[in-house]
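Let me begin by presenting the structure, written as structure tokens, before commenting on it.
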Amino acid sequence: MKPDYQIITPRLVLKLIPQEDDKQLTQCVIASPGLHRWIDWCHQDFSLDDAEKFILATRLNWIRSEAYGFGLYTRKEHTFIGMVAINELYHTFNMASIGYWLLARR
């Protein structure tokens, strides 16, 4: 998949997270404490620096074809609300894992 690949539905857009969305990613991770026990890179002290590093790592995974992390955005407002990832790629068996997380609504 190329880094500019997008999936567009009537309500959502899935795409690679651009670097300028680092603040939105940071806010979502901090505002979603339920993630912290399930996803190792999510924690209550998640910082802008953590977000920048995560976005860079996600881009490198795309380029290396190792994993595909999609930012999940609302289509109308272009608000970041979570992620969908295709990872653990097993080309020999035509298998992969799919995971997702969404912003916790309070």
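The values are calculated or read from the model by the stated rules, or taken from the named source; none is laboratory data. Computed from a prediction, not measured in an experiment: that's the story for all the values here. Positions of Cβ are backbone-derived with ideal geometry, glycine not excepted, and every protein chain shown enters the neighbour counts. For the accessible areas, the whole protein counts, side chains as well, though only heavy atoms, and no ligand, DNA or RNA atoms are used. Shrake-Rupley method; radii C 1.70, N 1.55, O 1.52, S 1.80 Å.
Placing +1 on the Cβ of every Lys and Arg and -1 on the Cβ of every Asp and Glu, with no other charges, gives the chain a dipole of roughly 460 debye about its Cα centre. Per residue, the chain exposes 67 Å² of accessible surface when a 1.4 Å probe is rolled over the protein heavy atoms with every protein chain present. Take every Cα pair under 8 Å whose residues are at least 6 apart in sequence, average their separation, divide by the length of segment 1-90, and the relative contact order is 33 percent. Placing unit charges on C-beta atoms (Lys and Arg positive, Asp and Glu negative, everything else neutral), compute the dipole magnitude of segment 46-106 about its Cα centre in debye, rounded to 20. That gives a dipole near 280 debye.
Largest first, the residues 59, 75 sort by 1.4 Å accessible area into 75, 59. Helical content alone sets the calculated 222 nm signal of the chain at -8000 deg cm²/dmol, taking -39,500 (n - 2.57) per DSSP H segment of four or more residues and averaging over every residue. What residue among 60, 16, 72 has the largest mean-square fluctuation in a Gaussian network model of the chain, using Cα springs under 10 Å? Its mean-square fluctuation being the largest, the pick is 60.
Each of 48, 69, 80 was placed along the dipole of the chain (beta-carbon charges, centred on the mean Cα), and the one lying farthest toward the positive end is 80. Sorted from greatest to least, the principal axis extents spanned by the alpha carbons of the chain come out as 41, 31, 23 Å.
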